[in-house]
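**Student:** Pasting in a structure now, in structure tokens, and then I'll have a few things to ask.
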Amino acid sequence: MKARFIRFILYILLKSAFLKYNPVSMPKKLPPQAVLLNMTIGHWVARLIHVAAKLRIADHLRKGPRTAADLATAARVQGAPLYRVLRALSSVGVFAETKDGRFKLTPLAALLRTDVPDSMNGWAMMINEPYNWKAWCEVLHSVQTGENAFQKAYGMNFFERLERHPEDLAVFGESMTSLSRAENPAVAAACKLKGKGTIVDVGGGHGSLLAAILRTNRKWQGVLYDQPSVIARAKQDDHVTAKDIAARCRLEGGSFFESAPKGGDVYIMKYILHDWDDVSSVAILKNCREAMHPKGRVLVVDNVIPPGNDPGWGKLLDIQMLVIGGRERTKKEFAALFAEAGLKLSRVIPTKAPVSIVEGIRA
């Protein structure tokens, strides 16, 4: 009888706390059971955001509120299940249901529009695609063996699979642009280049970071360096082809595991080393060292994991990197990588984004 009563009280506490839960404004005091319960279902919300992103629901709402039936027609899906999805997302602040049964954009939902400068639609799609989730199911395998979860799931690494699936590669490019819209201005502001010279963006994707840096450093030239297939798409994008950038920027295809464009004064790489293990990262750094001007610099833009237990985007992103075979690193770990590549870590430059710029010079 006593055990049944305790279970009943616990149920009431959990139910009450969960109904009040909102990730936008979570109450400061929740029972530990309620906090953990909410954490265990985080993937539910993530998957529903993925569905909304894939269906472009936010785009369909840009002109104002609409019913689930209207949205279902526009998205070519079934109205009843779509209503349930939007009702669930509205309960956590993504979309909002009006009193007359229509749905409207919220500040969070507006970020899923594809036509706004700070759109995160690409990221919301990519990070929750089935191929990512299948690899995450092998995290325990990585913990048990130290092996690459993605390799276990697919028999190839993350980027090999992207190259074999052009549609996923395109969405991956969109997702990186999603993150870059918020981060690149902060990185460009912190990346102060004196005089004039050439900056090489190693693995620079579609060139959004390079374009931002060149706009704040008008006397500098740029080289966008990535896989030929990526460079082909960059030529069709509007970053390095813009009128104020194109004349100062050349595009070059190749593999950073084999070489880097020669003669640059600065070699920058954003979200590159975190994709790879230490051996591969040292190889990339060595290629940059060999290619750069004798007084050149290497700038690694990544999360630098701080000590302690404070929350940090990089600490969670590190598990995504564990899944695909890479890792986020501490300042000490970056220094060790640099030293093995014949470089010396000279400083860590913070930015107004979660990432930092780790600077290396010839040792």
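**Student:** Place a point 7 Å from Cα of V348 in the direction of its Cβ. Which residues in segment 303-320 have their backbone N less than 11 Å from it?
**Tutor:** Hits in segment 303-320 for V348 at 11 Å: 303-308.
**Student:** Determine the principal axes of the Cα atoms in the chain, then give the extent along each, sorted from largest to smallest and rounded to whole angstroms.
**Tutor:** That gives 76, 50, 38 Å along the principal axes, largest extent first.
**Student:** Using DSSP H assignments, which helices in the chain have an axial alpha-carbon span of 15 Å or above and a mean Kyte-Doolittle hydropathy of 1.0 or higher?
**Tutor:** The answer, listed by residue number, is 313-324.
**Student:** Grab the alpha carbons of segment 146-185, take their convex hull, and tell me the volume per residue in Å³.
**Tutor:** 83 Å³
**Student:** As an exercise, use a Förster radius of 45 Å and the Cβ-Cβ distance of W133 and A363 to find the FRET efficiency, rounded to the nearest 0.05.
**Tutor:** 0.60
**Student:** Between H165 and K219, what is the label-point separation in nm under the 7 Å Cα-to-beta-carbon projection?
**Tutor:** Taking the simple label geometry, K219 and H165 are separated by 4.8 nm.
**Student:** Roughly speaking, what is the centre-to-centre gap between segment 333-360 and segment 200-238 when only Cα atoms are used, to the nearest Å?
**Tutor:** 21 Å
**Student:** Summing +1 for each Lys or Arg and -1 for each Asp or Glu, what net charge is found among the other residues whose Cβ lies under 11 Å from the Cβ of L89?
**Tutor:** +2
**Student:** Using a ≥ b ≥ c from the Cα gyration tensor of segment 69-201 (square roots of the eigenvalues), is it rounded, prolate or oblate, where a/c under 1.5 gives rounded and otherwise the larger of a/b and b/c decides, a/b for prolate?
**Tutor:** oblate
**Student:** Residue by residue, what Karplus-based ³J(HN,Hα) values in Hz, rounded to whole numbers, does segment 113-127 have, using 6.51, -1.76 and 1.60 with θ = phi - 60° and x for Gly and Pro?
**Tutor:** 5, 8, 10, 10, x, 9, 4, 10, 4, x, 5, 4, 6, 4, 5
**Student:** How would segment 54-123 be classified by its alpha-carbon gyration tensor: rounded, prolate or oblate, with rounded meaning a/c under 1.5 and the a/b versus b/c comparison settling the rest?
**Tutor:** prolate
**Student:** Which of the lysines could a cross-linker bridge to K54, judged by Cα under 17 Å and excluding same-chain residues fewer than eight apart?
**Tutor:** Reachable lysines: none.
**Student:** Please give every one of the lysines within straight-line cross-link reach of K192, meaning a C-alpha to C-alpha distance under 22 Å, and leave out same-chain neighbours fewer than 8 residues apart.
**Tutor:** Within the straight-line limit of under 22 Å, K192 reaches these lysines: K219, K262, K270, K295, K331, K344, K352.
**Student:** Next up: On the first, second and third principal axes, largest extent first, how far apart are the outermost C-alpha atoms of segment 226-308 in Å?
**Tutor:** Result, largest extent first: 45, 32, 23 Å.
**Student:** Then there's this: Kindly rank 252-259, 46-53 from highest to lowest mean number of other beta carbons found within 10 Å of each residue.
**Tutor:** So the order, starting with the most tightly packed, is 46-53, 252-259.
**Student:** Follow-up question, since we're still on this one. What residues qualify as long-range amide H neighbours of R297, i.e. H under 5 Å apart, gap of 5 or more or another chain, H built at 1.01 Å from N?
**Tutor:** V266, Y267
Every read-out reported here was derived from the displayed coordinates using simple, explicitly stated rules and does not represent laboratory data. Everything quoted here is computed from the prediction, not taken from an experiment. Here the Cβ is made from the backbone with ideal geometry for all residues, glycine too, and neighbour counts use every protein chain on show.
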